[in-house]
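Heads up: the structure comes next, in structure tokens.
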Amino acid sequence: MAVIKVAGAALNQIPIHWDHNLRNIEDAIKTAKAEGVKILCLPELCLTGYGCEDLFLSEWLPEKAVSIIPRISSLTKNIAVTIGLPIRIDGNTYNCIVVLKNEKVIGISAKQFLANYGVHYEPRWFTAWKSGNVFDYQINGQNVPFGDVTYDLYGVHSGFEICEDAWRPDRPACRFKDKNVQLILNPSASHFAFGKSFARETLVVESSKIFQCYYIYTNLLGNEAGRLLYDGEIVIAGHGKLMHYNPKLSFKDVNLISIDIDPEDSNPTNTCSSIPQEDKYEIFTQAESLALFDYMRKSHSKGFVLSLSGGADSSTCAILVAEMVRRSIADIGLEDCLEKLHLNNLLENCLSLAADEQQKYIVGQILHCAYQGTINSSKETLDSARKLANEIGAKFDHWRIDDEVNSYSAKIQKVLKKTLTWEEDDLALQNIQSRARSPIIWMLANIKKSLLLVTSNRSEGDVGYATMDGDTSGSIAPIAAIDKHFILKWLKWAEENLDYRSLKYVNSLNPTAELRPLEKHQTDEDDLMPYPVIVEIEKLAIRDKLSPVEIHNILNKQHLEESELLKIHIKKFFTLWCRNQWKRERTAPAFHLDDFNVDPRTWCRFPILSSGYLDELADLDDI
């Protein structure tokens with residue numbers, strides 16, 4: 001048969017935002033038709049959004065999604081388009097793909113395998129479709145095949161694997177080969193994680209080889225619902241060869257790529273080289289920038305407020321906001337950037353500035369930083385905060401909170417009829433400083449209608465090294481899924497590679513909470529343990545779910561630390577982990593960026609009350 005043009009389009013959707021989602025779908029179809037595309041693959045659940053959660057169990061949501069299909073169908077003259085949506089039948093909700101062709105529904109495919117691990121809880125909402133089952137279903141007055149269906153799309157015999165379907169041994173593609181399917185379409189909603197592109201490329205290319213076909217993988221894009229980020233990756237392969245892929249993590253709402261294929265040709269020549277290996281620091285910056293951009297615009301916030309301490313975590317948050325502005329302008333242009341962020345009123349002033357000043361001007365309008373010092377704060381951290389804010393253009397203020405701290409302390413001393421001392425009341429005296437900062441920075445965020453950024457990282461979340469209602473206060477915690485060791489290395493990379501020269505100040509400092517008197521020379525690692533040790537224990541304990549003894553035996557062979565010191569640190573980690581689960585239950589929403597995190601609402605569930613590994617930690621002493 002003749003060569004035919006196929007395409008995938010990544011869409012940046014919003015749960016139950018019908019107008020927004022439809023506009024993106026319509027734009028994708030119009031773009032595809034203008035390029036001469038005959039088969040267009042759109043992502044999983046792109047009509048409703050993937051992140052509707054328990055709304056998938058309602059009757060009205062699937063009904064409304066189905067009722068919108070005729071509007072989309074009217075756009076499909078001379079093109080076949082896949083639309084992801086939920087369909088509810090006899091009290092069960094199915095994750096489906098409606099296939100439209102020439103202004104008609106020609107069939108509906110249902111997902112056969114549901115993701116139920118990590119951040120995914122699909123069996124809570126959906127029922128898995130049984131392989132081989134097909135029945136007649138009436139949609140908008142039309143009878144069509146529903147279930148395990150294959151299609152004739154302009155002479156191309158096509159079938160579907162919906163995201164998780166492709167990752168199982170008994171996948172749909174195993175039966176497609178016997179049916180001589182020439183094209184497999186994979187509409188997905190696969191969350192971003194470091195290193196995932198390689199796994200996807202391998203899946204798509206190897207699948208096209210094993211099943212002797214062409215294969216299109218299309219993912220969702222952006223921070224759809226608050227926590228999960230989708231990279232919008234599109235991968236097209238044919239008969240074991242990579243043919244096309246797109247730049248991921250785009251700020252565009254619609255990202256489409258197309259390519260010509262000859263379904264009868266088992267040796268395509270229009271191929272490309274492998275997807276480049278990602279630099280973890282660069283991909284982290286790009287992912288965080290897009291996640292913050294979408295969170296700000298979809299929450300209709302006016303910007304961000306940040307308690308900028310001059311330390312590593314808050315400096316990271318500030319740089320990420322600046323990068324959000326820089327990268328969005330570079331990707332979609334100044335005017336579109338301001339429009340998406342609801343900042344159209346800034347356009348005239350921006351246009352009067354030189355290009356290199358526009359970014360700093362916008363940052364100054366959306367990021368307000370405050371250094372909230374006490375008698376225990378150092379000149380070095382104040383200088384670090386001020387110089388960083390000045391370099392990126394953020395608004396910066398500095399005030400002291402000693403009056404508030406002294407007021408709280410005086411009241412408690414009067415009640416208890418005792419004087420608080422660092423010898424007896426160390427933790428309380430540290431925490432009150434952090435908590436005293438919270439009300440005023442929240443007030444600033446409220447007045448400015450902005451998001452208050454939480455600066456806690458994953459390592460601190462592991463061991464509860466944070467003050468509840470203090471430095472954990474905020475609307476969104478952008479780095480809560482990233483360990484502190486990575487953050488410290490990323491800051492040095494950012495100083496050199498992103499050219500933020502003011503980072504030399506924070507990079508010269510030893511991480512410290514600065515909550516004890518300066519003469520005590522407080523540091524984070526003295527309070528806890530070396531950050532690289534936390535990272536290694538965390539991977540084995542939380543990601544791999546190993547026992548304290550198993551962890552000791554592994555790390556002892558790696559000579560991470562001397563055995564007795566390693567025992568001390570393992571005991572400390574598990575003790576603090578168990579003691580502080582309640583804190584993790586209360587943290588602000590965080591972006592999921594790695595292959596695991598410690599957010600109990602998306603990945604790691606752990607009892608608030610437990611024995612604290614009493615017997616398991618005692619076993620360490622027997623080694």
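Does segment 544-552 contain any residue that is surrounded by fewer than 19 Cβ atoms within 10 Å (Cβ to Cβ) and in contact (Cβ under 8 Å) with a residue 40 or more places away in the chain? Let's see the steps before the verdict.
Our first condition is that a residue be surrounded by fewer than 19 Cβ atoms within 10 Å (Cβ to Cβ); within segment 544-552, this holds for 544-547, 549-550.
Of the ones still in play, those that are also in contact (Cβ under 8 Å) with a residue 40 or more places away in the chain are 547, 549.
Checking segment 544-552: at least one residue is surrounded by fewer than 19 Cβ atoms within 10 Å (Cβ to Cβ) and in contact (Cβ under 8 Å) with a residue 40 or more places away in the chain.
Which of the numbered conditions does Gln286 fail, given that it passes all the others? Conditions: (1) in contact (Cβ under 8 Å) with a residue 60 or more places away in the chain; (2) within 18 Å of the chain's Cα centre (by Cα).
(1)
For segment 502-542, what are the residues that are at pLDDT below 95, open to solvent by 40 Å² or more (accessible area, probe 1.4 Å) and either of a type in the set (S, T, N, Q) or assigned to a helix (DSSP H, G or I) (or both)?
Asn510, Thr512, Leu518, Glu519, Lys520, Glu525, Asp526
Which helices (runs of 4 or more DSSP H) sit wholly inside segment 297-367 and have at least 3 residues that are of a type in the set (A, V, I, L, M, F, W, C), under 26 Å from Ile441 (Cα atoms) and in contact (Cβ under 8 Å) with a residue 60 or more places away in the chain?
On the way: elements: 312-332, 334-340, 347-351, 355-366.
Of the helices (runs of 4 or more DSSP H) lying wholly inside segment 297-367, those with at least 3 residues that are of a type in the set (A, V, I, L, M, F, W, C), under 26 Å from Ile441 (Cα atoms) and in contact (Cβ under 8 Å) with a residue 60 or more places away in the chain span 312-332.
How about segment 11-24: which of its residues are of a type in the set (A, V, I, L, M) and under 16 Å from the mean Cα position of the chain (by Cα)? Before the answer, list the steps.
Initially, segment 11-24 is screened for residues of a type in the set (A, V, I, L, M), giving 11, 14, 16, 22.
Across segment 11-24, the qualifying residues are Leu11, Ile14.
Filter segment 447-480 down to the residues that are buried (at least 22 other Cβ atoms within 10 Å of the Cβ), out of contact with any Ser or Thr (no Cβ under 7 Å at 6 or more places or on another chain) and not polar (S, T, N, Q) and list them by number.
Leu453, Arg458, Glu460, Asp462, Val463, Gly474, Ile476, Pro478 - these are the residues of segment 447-480 that are buried (at least 22 other Cβ atoms within 10 Å of the Cβ), out of contact with any Ser or Thr (no Cβ under 7 Å at 6 or more places or on another chain) and not polar (S, T, N, Q).
Considering Leu416, Leu420, Leu353, which residue is open to solvent by less than 50 Å² (accessible area, probe 1.4 Å) and either modelled with pLDDT of 95 or more or not polar (S, T, N, Q) (or both)?
Details: Leu416 fails: open to solvent by less than 50 Å² (accessible area, probe 1.4 Å); Leu353 fails: open to solvent by less than 50 Å² (accessible area, probe 1.4 Å).
Residue meeting the stated conditions: Leu420.
Would you check if there is a residue in segment 145-152 being at positive phi and at pLDDT 95 or above?
First pass over segment 145-152, keeping only residues at positive phi: 147.
Subset that is at pLDDT 95 or above: 147.
Within segment 145-152, one or more residues are at positive phi and at pLDDT 95 or above.
Any residue at all in segment 363-373 that's within 14 Å of Ile392 (Cα to Cα), open to solvent by 20 Å² or more (accessible area, probe 1.4 Å) and touching an Asp or Glu at 6+ places or on another chain (Cβ under 9 Å)?
no
Against the condition in contact with an Asp or Glu (Cβ under 9 Å, 6 or more places away or on another chain) and either closer than 21 Å to Pro62 by Cα or open to solvent by less than 30 Å² (accessible area, probe 1.4 Å) (or both), how does Ser131 come out, does it pass? So that I can check it myself, show each step before the final result.
Working: in contact with an Asp or Glu (Cβ under 9 Å, 6 or more places away or on another chain): yes; either closer than 21 Å to Pro62 by Cα or open to solvent by less than 30 Å² (accessible area, probe 1.4 Å) (or both): no.
When the stated conditions are applied, Ser131 does not pass them.
Which one of Ser266, Ser315 is under 30 Å from Lys484 (Cβ atoms) and either open to solvent by less than 20 Å² (accessible area, probe 1.4 Å) or among the hydroxyl-bearing types (Ser, Thr, Tyr) (or both)? Don't jump to the end; show me each part of the working.
Working: Ser266 fails: under 30 Å from Lys484 (Cβ atoms).
When all the criteria are applied, what remains is Ser315.
Just to be sure I understand the filter: pairs with C-beta atoms under 6 Å, separated by 6 or more residues or on different chains, first member in segment 567-579 and more than 11 Å from Leu617 (Cβ to Cβ), second member β-branched (Val, Ile, Thr). Which pairs pass?
His569/Val533; Leu576/Val463
The values are calculated or read from the model by the stated rules, or taken from the named source; none is laboratory data. Computed from a predicted model, the values in this text were never measured in an experiment. When we count neighbours, we look across all protein chains shown, and the Cβ atoms used for this are built from the backbone with ideal geometry, even at glycine. For accessibility, only protein heavy atoms count, side chains too; no ligands or nucleic acids. Shrake-Rupley method; radii C 1.70, N 1.55, O 1.52, S 1.80 Å.
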